[in-house]
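This report refers to the structure that appears directly beneath it.
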Amino acid sequence: MIPYWILFVIWMLGAIHFSRRQSRPYDSLFYSLAVLATTLMIGLRYEVGGDWVNYLEFYDAVLFQPLSYALTQTDPAYGLLNWASARLNFGLWFVDLGCAIFFMIGVARLSSRQPNPWLSNLIAVPYLVIVVGMGFTRQAAAIGILCWALADIRRDRILFPILLVGLAALFHKTAILFLPILLVPVFSSNFVLTIPGIIGFVFLFNLFLGSSSDHLITTYATGNYDSQGAGIRVAMNVLAAIAFVAFRDKMGFDKFSRSLWMTLTVLAFFSVVALFVLPSSSGIDRISMFIIPLQIVVLSRLPYALSVNSRPVPSVLLGVILYSASVQFVWLNFADNGWAWKPYQSIITSDQTIG
């Protein structure tokens, strides 16, 4: 478990250091190096994550298959990465690293928009980075790209974020469901765009999910499939949602951004109700992963929202750090499937060769 805590400490020290002084030119270099280190840790892992065997089996399955097979047996972008890696005889590490790059580019970009980017990334480490990034490869890539869209969307800049949602859906089809969430602020300020927006969403929904919608409904909505710890993960989103409702006027969001994060807040509260209504918790658990950006944005702004000046409140900053540390400690030591992440191994230090 030591590598996970080293990663945590790197971002923690950066968060504390950043909060104590004004940003200097070389800070961006250290930030980029920390992002790179995190990317490599995710992408070059070996036998880490609950679905490692499943990913390896798919990679082996496409070794001698045409590209059409890889594109149709899983999400297209993930299939393409596997097929390309197989043709080049690189191995699964190339696929994992490719997805990790998409993941961390998005997370780091969204974090860079926050008052303390280091703190935002620190909040992401215990669950979003370690659990999702190292365990749900396809969905992690999609979430990272969605974070990129969240970071870049503006009232006058919506086309590029929409394209990013489409890219995310190529890694995990369900990411297309994020499009209406992203466009709520646009629709609320310009009703004329609502009708073409709905038509566009229906088209993209049928394009990405039309053929598999029945399977997804059976698996995640009406089926009796439960995810261990789903309630805890939903509760983490709800905690951030409560903080947003309480302090949204002090968090420095403009009207457009506030509407966007309010939409995610409503979904976080709705997920609690859904846990009790739907027979399956797996669907809610998977959808709740797309709400995790709410945590890293809201909780990282909390020390500044409670401040009377531009400096973060030290006690609140410490509280956020301790909360994040407790999340990581509990998951690593008590999660039912935590064994699949321990010990952390890298392709570099294992007896496997790269290539």
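The values are calculated or read from the model by the stated rules, or taken from the named source; none is laboratory data. Remember, predicted model here, so these are calculated numbers, not experimental data. Note that each Cβ is placed from the backbone with ideal geometry, even for glycine, and that neighbours are counted across all protein chains shown. Remember, those area values only see protein heavy atoms, side chains included, never the ligands or the DNA or RNA. Shrake-Rupley method; radii C 1.70, N 1.55, O 1.52, S 1.80 Å.
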- Quick check, is Leu167 in contact with a helix residue (DSSP H, G or I) (Cβ under 7 Å, 6 or more places away or on another chain), over 20 Å from Arg258 (Cβ atoms) and surrounded by fewer than 24 Cβ atoms within 10 Å (Cβ to Cβ)? yes
- Task: Filter the stretch 117-152 for residues that are within 30 Å of Arg20 (Cβ to Cβ) and of a type in the set (D, E, K, R) and give the result.
- Result: Asp152
- Message: Just to be sure I understand the filter: pairs with C-beta atoms under 6 Å, separated by 6 or more residues or on different chains, first member in the stretch 60-87 and farther than 15 Å from Gly98 by Cα, second member among the β-branched types (Val, Ile, Thr) and modelled with pLDDT under 95. Which pairs pass?
- Response: Ala70/Val62
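Can you confirm whether the stretch 39-47 contains a residue that is more than 30 Å from Lys173 (Cβ to Cβ), open to solvent by 50 Å² or more (accessible area, probe 1.4 Å) and in contact (Cβ under 8 Å) with a residue 12 or more places away in the chain?
Checked the stretch 39-47: no residue is more than 30 Å from Lys173 (Cβ to Cβ), open to solvent by 50 Å² or more (accessible area, probe 1.4 Å) and in contact (Cβ under 8 Å) with a residue 12 or more places away in the chain.
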- Query: Which condition number in (1) of a type outside the set (D, E, K, R); (2) at pLDDT 85 or above; (3) closer than 27 Å to Gly338 by Cβ is the one that Ser280 fails?
  - Reply: (2)
- Being open to solvent by less than 40 Å² (accessible area, probe 1.4 Å), part of a helix (DSSP H, G or I) and within 20 Å of Arg45 (Cα to Cα), is that true of even one residue in the stretch 344-352? no
- Query: Do we have any residue at all in the stretch 230-243 that's on the phi < 0 side of the Ramachandran plot, modelled with pLDDT of 90 or more and assigned to a loop (DSSP other than H, G, I, E, B)?
  - Reply: no
- Item | Count of the stretch 296-327 residues which are buried (at least 21 other Cβ atoms within 10 Å of the Cβ), more than 17 Å from Asp249 (Cα to Cα) and of a type in the set (S, T, N, Q) | 1
- Selection from the stretch 117-145 of residues among the charged types (D, E, K, R) and touching a Leu at 6+ places or on another chain (Cβ under 7 Å) yields none
- Message: For the stretch 147-164, give me the residue count where each residue is in contact (Cβ under 8 Å) with a residue 60 or more places away in the chain and either of a type in the set (Phe, Trp, Tyr) or surrounded by fewer than 18 Cβ atoms within 10 Å (Cβ to Cβ) (or both).
- Response: 2
- Counted residues in the stretch 244-278 being part of a helix (DSSP H, G or I), open to solvent by 30 Å² or more (accessible area, probe 1.4 Å), farther than 28 Å from Arg157 by Cβ and touching a residue at least 12 places away in the same chain (Cβ under 8 Å) come to 3
- Mind telling me which of the residues Leu80, Leu88, Leu97 ends up being more than 30 Å from Leu322 (Cβ to Cβ), modelled with pLDDT under 95 and open to solvent by 30 Å² or more (accessible area, probe 1.4 Å)? Leu88
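Determine whether Arg109 is out of contact with any Ser or Thr (no Cβ under 8 Å at 6 or more places or on another chain), open to solvent by 10 Å² or more (accessible area, probe 1.4 Å) and within 23 Å of Tyr78 (Cα to Cα). Give the derivation first.
Details: out of contact with any Ser or Thr (no Cβ under 8 Å at 6 or more places or on another chain): yes; open to solvent by 10 Å² or more (accessible area, probe 1.4 Å): yes; within 23 Å of Tyr78 (Cα to Cα): yes.
Spelling it out, Arg109 is indeed out of contact with any Ser or Thr (no Cβ under 8 Å at 6 or more places or on another chain), open to solvent by 10 Å² or more (accessible area, probe 1.4 Å) and within 23 Å of Tyr78 (Cα to Cα).
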